[in-house]
Amino acid sequence: MYLCRIIDNNFVMAKDIVCSGIRPTGNLHLGNYFGALRNFVRMQEEMDCYFFIADYHSLTTHPTPGSIYNDARAILVQYLAAGLDPEKATIYLQSDLPETIELYLFFNMNAYLGELERVTSFKDKVRQNPNNVNAGLLTYPTLMAADILIHKATRVPVGKDQEQHLEMTRTFAQRFNNMYHSEVFPLPQAIGSSTGLVKIPALNGSGKMGKSEGEASTIFLTDEPSVIRKKIMKAKSDSGPTEMNQQKPEEIENLFSLLKAVSSPDTVEYFDDLYNRCQIRYGDLKKQLAEDMVNFVEPLRQRILEIGADDAALRRIMDLGKEKAHDSAARTLAEVRRVIGYRN
């Protein structure tokens, strides 16, 4: 996707700028891969992409001292194993970009307590952990806005739970532009399901796969084959259909969704036909799903092990990402400081 821009009275085609990050709170899972990473790999071929590991955001939940770098490093390794290319996209650690924090400060100066307290995710965090209501949780939306707007992103891949934050990013961008009579920031748009995002269900029969569902219900990209087989065989099912062509209950629909993600169309059709004829044996379906899942995940796991073993190469990639991200952020921040009235 491209935008038209005018430079020296001539129209030029400029790529959309995409920005997205993930908190380093554990290994990536199949939901991350199909819901985000697979599309990131496609986007890096078509757009100007900035993918970061949000290690500043992780401080809101007080991670173990000393673990932040290793957690961020693990996510970077898994990004690379999934196919992100540091030569095509800018891949960096959030903590390597201090310009983000300065922009975060500027946005905080123009954010209002009432609007921050109304954010759904903040209210959820307060209910879940009332003893850890820190300022970082309250101002999460302004830091997210700084992450996105430091690169003047025009497109942001977001899930349903992040739509409110993106809308607030647009609010902060418009508020800044209006306050300083400028057009510094674009109003970024969401990249939604039209790009082929796939919801991967949890193995416990309800909800989507994620860390909050627990390890037993989640297939991680680092899971060994024996672990995957064990998890799949314990996935929730029922006693089987009692009528021809009856609608599948949620836990069975989830098994078929997983099958569609990693198995061949012929395999899906085979088990679907057995279900519709009331002849399905879930043990057989799970064994097939487990083997197909192993065949899908194992190459990724092996790449993770290989990439993770080369610390020197990873540091070079981090340095490259830091340099590229800084070049973009410095230009934005210089413009911001100028329109506010600070000396550059």
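The values are calculated or read from the model by the stated rules, or taken from the named source; none is laboratory data. For clarity, every value in this text was computed on a predicted model and none was experimentally measured. FYI the Cβ positions are ideal-geometry reconstructions off the backbone, even for glycines, and counts take in every protein chain you see. The protein model used for the area step is the full one, side chains on, heavy atoms only, and it has no ligands, DNA or RNA in it. Shrake-Rupley method; radii C 1.70, N 1.55, O 1.52, S 1.80 Å.
Here's the yes/no breakdown for (1) open to solvent by 20 Å² or more (accessible area, probe 1.4 Å); (2) assigned to a helix (DSSP H, G or I); (3) closer than 18 Å to residue 230 by Cα; (4) charged (D, E, K, R):
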residue: 243; (1), (2), (3), (4): yes, no, no, yes
residue: 253; (1), (2), (3), (4): yes, yes, no, yes
residue: 267; (1), (2), (3), (4): yes, yes, no, no
residue: 273; (1), (2), (3), (4): yes, yes, no, yes
residue: 289; (1), (2), (3), (4): no, yes, yes, no
Discussion item. Residue 76 - would you say it is under 23 Å from residue 148 (Cβ atoms), in contact with a helix residue (DSSP H, G or I) (Cβ under 9 Å, 6 or more places away or on another chain), open to solvent by 10 Å² or more (accessible area, probe 1.4 Å) and not in a loop (DSSP other than H, G, I, E, B)?
Written reply: no
Item to complete: Return yes when residue 85 is modelled with pLDDT of 95 or more and of a type in the set (Asp, Glu) and no when it is not.
Response: yes
Worksheet item: When both residues are 6+ apart or on different chains and their Cβ atoms are under 7 Å apart, which pairs have a first residue that lies in segment 197-221 and is at positive phi, and a second that is open to solvent by 30 Å² or more (accessible area, probe 1.4 Å)?
Response: 205/236; 205/250; 205/251; 207/213
Worksheet entry | From 35, 31, 26, residue being buried (at least 21 other Cβ atoms within 10 Å of the Cβ) and under 24 Å from residue 224 (Cβ atoms) | 31
Worksheet item: Would segment 164-172 turn up any residue that is open to solvent by less than 50 Å² (accessible area, probe 1.4 Å) and more than 23 Å from residue 109 (Cα to Cα)?
Response: no
Worksheet entry | Tally of residues being open to solvent by 70 Å² or more (accessible area, probe 1.4 Å), aliphatic (A, V, I, L, M) and touching a residue at least 12 places away in the same chain (Cβ under 8 Å) across segment 291-344 | 0
Worksheet, complete the sentence: Filtering segment 277-287 for residues that are open to solvent by less than 40 Å² (accessible area, probe 1.4 Å) and either assigned to a helix (DSSP H, G or I) or charged (D, E, K, R) (or both) leaves a count of 4
Discussion item. I want to confirm something. Restricting to segment 114-124 and keeping residues that are free of Cβ contacts under 8 Å to residues at least 24 places away in the same chain and in a helix (DSSP H, G or I), which single residue is surrounded by the most Cβ atoms within 10 Å (Cβ to Cβ)?
Written reply: 122
Practice prompt. Collect the residues in segment 218-241 that are outside any loop (DSSP other than H, G, I, E, B) and over 17 Å from residue 291 (Cβ atoms), keeping them in residue-number order.
Written response: 220
Worksheet item: What pairs can you find where one residue is in segment 261-278 and over 19 Å from residue 244 (Cβ atoms), the other is open to solvent by 30 Å² or more (accessible area, probe 1.4 Å) and in a helix (DSSP H, G or I), and their Cβ atoms are less than 6 Å apart, with a gap of 6+ or different chains?
Response: 262/296
